[in-house]
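Just below is one structure, and these are the notes that go with it.
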Amino acid sequence: MLDGSERGRHAFEARRAVREAVNPFLMAVMLYQSKAIRSDLGRNGYEHVQEDLTFAYRVRVAASNLSRIRLFLVRRRLRRLVGDRWMDAIEQGNLAHYSDDEAVRIFCGVEVQLSRDSTTRPEGLIAIALQSAPYSKEVKKLRSDLESLSRAK
């Protein structure tokens with residue numbers, strides 16, 4: 001059984017891990033929003049699905065040591081950011097024992113299948129926002145959600 005200081009330290013470390021997983025992507029979105037990156041982050045179709053999967057997987061693994069309530073909030077926000085289909089693949093795949101690269105290779109099979117299906121479109125706020133103009137309300141919402149996610153909320 002953990003005492004109060006141990007629990008607090010574990011909670012702090014878990015939130016720090018989530019923040020470290022989210023911040024690089026948050027910084028890229030902030031640069032995109034400020035138009036410092038012209039079209040490098042802007043997206044078209046499935047070309048960036050692997051990056052989204054890697055991002056969601058890393059955040060999900062980092063969040064695994066959070067309290068139940070914070071974990072629920074992080075999972076809900078990730079589901080909104082990357083879409084139900086990707087979060088189902090991450091959570092049902094039980095990929096916690098794989099490295100990031102191995103997990104992404106597993107997802108690549110799903111990505112190739114979905115990219116061949118012309119009726120399937122990317123879902124989730126990341127895909128929608130990064131196909132929009134840098135000053136759009138979708139990008140503002142994405143930035144806001146990423147900031148909340150970095151605080152494990």
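Taken together, the values in this text are just the output of simple stated rules run on the coordinates, not laboratory data. Note that this is a predicted model, so its numbers are computed, not measured. Here Cβ is always computed from backbone atoms with ideal geometry, including for glycine, and neighbour counts include all displayed protein chains.
Below are the figures for this structure:
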quantity	calculated
Residues ASN65 and MET30, FRET efficiency given R0 of 41 Å [Cβ-Cβ distance, rounded to 0.05]	0.95
Two-site label geometry, GLU123 and ARG7: point separation in nm, points 7 Å out along Cα→Cβ	3.7 nm
Estimated vicinal HN-Hα couplings, Hz - the stretch 123-139 in sequence order (Karplus 6.51, -1.76, 1.60; Gly, Pro = x)	10, x, 5, 4, 5, 5, 5, 7, 9, 9, 5, x, 9, 6, 5, 5, 5
Full-extension gain in nm, ARG85 to SER148, via 0.36 nm per residue minus C-alpha separation	20.5 nm
